[in-house]
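To start, the structure under review is shown below, and the notes come after it.
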Amino acid sequence: MITIYHNPRCSKSRQGLAIVEASGKQYEIVKYLDEPISEEKLSEIIKTLGIQPIDLVRKNESIWKEHYKGKDLSQGQVIAAMVKHPKLIERPIVVHGKKAVVGRPPESISEIL
């Protein structure tokens, strides 16, 4: 099963969803702004992505700039910030089995389908 962590208001996320839909494979949509991701689940996604938590943060968001930028945060604190403010999570994220990718650019999603 493919899971896409999706923000319908984001054009890149919509493009990513279109790629997933076009694959013809079964998928589920998680609208992570409406259905918050737990710290445990987000940690699992980050591990599957093979990145550091800070690499999943949208650093141009005002929430990040006002509350977190320039601070020496642990990985756990970065994850907690994304859970508290899901708008900080880069999107879309597509998970397929033991593989995951951030759909920026959206075409990178095809690599794991």
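Can you tell me which residue within segment 84-96, out of those that are in contact (Cβ under 8 Å) with a residue 12 or more places away in the chain and over 11 Å from the mean Cα position of the chain (by Cα), is surrounded by the fewest Cβ atoms within 10 Å (Cβ to Cβ)?
Within segment 84-96, the first condition is being in contact (Cβ under 8 Å) with a residue 12 or more places away in the chain, and the residues that meet it are 85-96.
Then drop every residue that is not over 11 Å from the mean Cα position of the chain (by Cα), which leaves 85, 96.
Details: His85: 16, His96: 20.
Selected residue: His85.
Table: residues versus (1) under 21 Å from Pro8 (Cβ atoms); (2) of a type in the set (A, V, I, L, M, F, W, C); (3) more than 15 Å from the chain's Cα centre (by Cα).
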position	(1), (2), (3)
Glu40	no, no, no
Lys47	no, no, no
Leu56	yes, yes, no
Gly70	no, no, yes
Arg104	yes, no, no
Glu111	no, no, yes
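Kindly indicate the residue of segment 36-47 that is without any contact (Cβ under 8 Å) to a residue 40 or more places away in the chain and under 12 Å from Val83 (Cβ atoms) and also surrounded by the fewest Cβ atoms within 10 Å (Cβ to Cβ) among those meeting that condition.
Glu40
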Looking across segment 48-60 at residues that are surrounded by fewer than 16 Cβ atoms within 10 Å (Cβ to Cβ) and of a type outside the set (Val, Ile, Thr), the single one that is farthest from Val101 (Cα to Cα) is Asn60
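Only the coordinates and a few stated rules stand behind these numbers; no lab work does. Because the structure is predicted, anything quoted here is derived from the model rather than measured. Heads up, the Cβs are rebuilt from the backbone with ideal geometry, glycines too, and the neighbour counts pull from every protein chain shown.
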